Amino acid sequence: MFSAIVREPIEPAYVLTLIGADQDGASLLFLGVVRDHNAGRSVGGMRYDTYEEMAAEVLSEIVDEAARSAGTDRIATIHRTGELEVGEVSVAIAVSSPHRAQAYDASRYIIEEIKKRLPVWKKERYSDGAEEWVEGRTP
């Protein structure tokens, strides 16, 4: 298992190398990206702030819980902080498991728990120059 809070861009291909998927029948990669709109407003970028030590600990706990529940320890999760532009990856979750249901369940659990528990704060930067702190949402 691997989890990290990082400031540098997340490379999806690298995240996949962390899960060692050769022995499994399912590999899943989820990427959360900064979108160009929110609540009817044009978004130019996003800033993610966090207390890194606490966030790293919480993220590790979330990944551990998902691994126990799904029965696989081949999980890698990386969350980015700092300034991101539209289209950049803010979170990557890779899961490898014997069967697809385990991979989907683990990935879904991780992203939902990140939204609920990870101490990360988001500030949207709008195209008109305005900025606003936003709450995490679960669709």
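The values are calculated or read from the model by the stated rules, or taken from the named source; none is laboratory data. These numbers come from a predicted model, not from an experiment. Here the Cβ positions follow ideal geometry from the backbone for every residue, glycine too, while neighbour counts run over all protein chains shown.
Residue count for segment 76-98, restricted to those that are acidic (Asp, Glu) and not in a strand (DSSP E or B): 1. Taking each residue of segment 18-37 that is in contact (Cβ under 8 Å) with a residue 60 or more places away in the chain and among the polar types (S, T, N, Q) and looking for partners that are assigned to a strand (DSSP E or B) and buried (at least 17 other Cβ atoms within 10 Å of the Cβ) with beta-carbon atoms closer than 7 Å, six or more apart or interchain, yields Ser27/Ser96.
Here Ser42 qualifies as modelled with pLDDT of 95 or more and assigned to a strand (DSSP E or B).
With respect to (1) more than 13 Å from the chain's Cα centre (by Cα); (2) over 22 Å from Glu131 (Cα atoms); (3) not in a loop (DSSP other than H, G, I, E, B), the lone exception for Asp73 is condition (3). A single member of Ala67, Ala101, Ala56 is of a type in the set (A, V, I, L, M), part of a helix (DSSP H, G or I) and more than 23 Å from Val6 (Cβ to Cβ), and it is Ala101. Within segment 1-22, the set of residues being part of a helix (DSSP H, G or I) and either within 13 Å of the chain's Cα centre (by Cα) or not hydrophobic (A, V, I, L, M, F, W, C) (or both) comprises Pro12, Tyr14, Val15, Thr17, Asp22. Of all residue pairs spaced 6 or more apart or on separate chains, those with beta-carbon atoms under 6 Å, a first member in segment 113-132 that is of a type in the set (Gly, Ala, Ser) and a second member that is surrounded by 13 or more Cβ atoms within 10 Å (Cβ to Cβ) are Ser127/Gly44.
If the condition is being among the β-branched types (Val, Ile, Thr) and either farther than 28 Å from Tyr51 by Cβ or over 14 Å from the mean Cα position of the chain (by Cα) (or both), then segment 81-130 contributes only Val86.
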